[in-house]
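Here is the structure we will look at, set down as structure tokens.
The values are calculated or read from the model by the stated rules, or taken from the named source; none is laboratory data. Treat the numbers as computed from the prediction; the structure is a model and nothing was measured. Neighbour counts are summed over all protein chains in view; Cβ atoms, including those assigned to glycine, are modelled from backbone coordinates with ideal geometry.
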Amino acid sequence: MARKLGYSAQTLSVLTLLDSDPSSWLHGYLIAKQTGLASGTLYPILIRLADRRLIEARWEDEQPVGRPRRHLYRLTAEGQVAARTALAETRRAAPSRTAPSRLATEGGA
């Protein structure tokens, strides 16, 4: 029996961003900026995704001048499958914005 993943809207926004270029490593600040998530929301999501082996994390290779090294994230192969499945399920579950209403098609008022 298939397990329902049930990701939050915030987690789906992180998965969407990471899946937009799954081979690229993104740092937390960029993910926060792109998704609009606060660090107190984002980092627990990243930790849970890493614990489930849906993302991998590593440190930047070199220490840039003037700032600490950043932690970088990207989807694993399993994470890509999970992200695409969850995003497809979300799209299927969302009502179509272009579909005519039932009342209009049935001639109701």
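Taking first residues from region 80-101 that are within 14 Å of L17 (Cα to Cα) and partners that are modelled with pLDDT under 90 and not hydroxyl-bearing (S, T, Y), the Cβ contacts under 8 Å between residues at least 6 apart in sequence or on separate chains come to A82/L5; A86/L5. Listed residues L17, L42, L37; which is touching a Gly at 6+ places or on another chain (Cβ under 9 Å) and within 24 Å of A94 (Cβ to Cβ)? Testing whether each residue is touching a Gly at 6+ places or on another chain (Cβ under 9 Å) and within 24 Å of A94 (Cβ to Cβ) leaves just L42. Here region 57-70 is the region considered, the condition is being among the basic types (K, R) and outside any strand (DSSP E or B), and the residue that is nearest to G6 (Cα to Cα) is R70. When A50 is tested against (1) small (G, A, S); (2) touching a helix residue (DSSP H, G or I) at 6+ places or on another chain (Cβ under 8 Å); (3) without any contact (Cβ under 8 Å) to a residue 60 or more places away in the chain; (4) surrounded by 11 or more Cβ atoms within 10 Å (Cβ to Cβ), only condition (2) is not met.
Quick check on region 53-70: of everything there that is in contact (Cβ under 8 Å) with a residue 24 or more places away in the chain and either on the phi > 0 side of the Ramachandran plot or in contact with a His (Cβ under 9 Å, 6 or more places away or on another chain) (or both), which residue is surrounded by the most Cβ atoms within 10 Å (Cβ to Cβ)? Among residues in region 53-70 that are in contact (Cβ under 8 Å) with a residue 24 or more places away in the chain and either on the phi > 0 side of the Ramachandran plot or in contact with a His (Cβ under 9 Å, 6 or more places away or on another chain) (or both), the one surrounded by the most Cβ atoms within 10 Å (Cβ to Cβ) is R70.
Reported count of residues in region 71-109, each being surrounded by 10 or more Cβ atoms within 10 Å (Cβ to Cβ), outside any helix (DSSP H, G or I) and at pLDDT below 95, is 1. Which residues, counting only those in region 56-70, are out of contact with any strand residue (DSSP E or B) (no Cβ under 9 Å at 6 or more places or on another chain) and either of a type in the set (V, I, T) or at pLDDT 95 or above (or both)? V65, the sole residue that qualifies.
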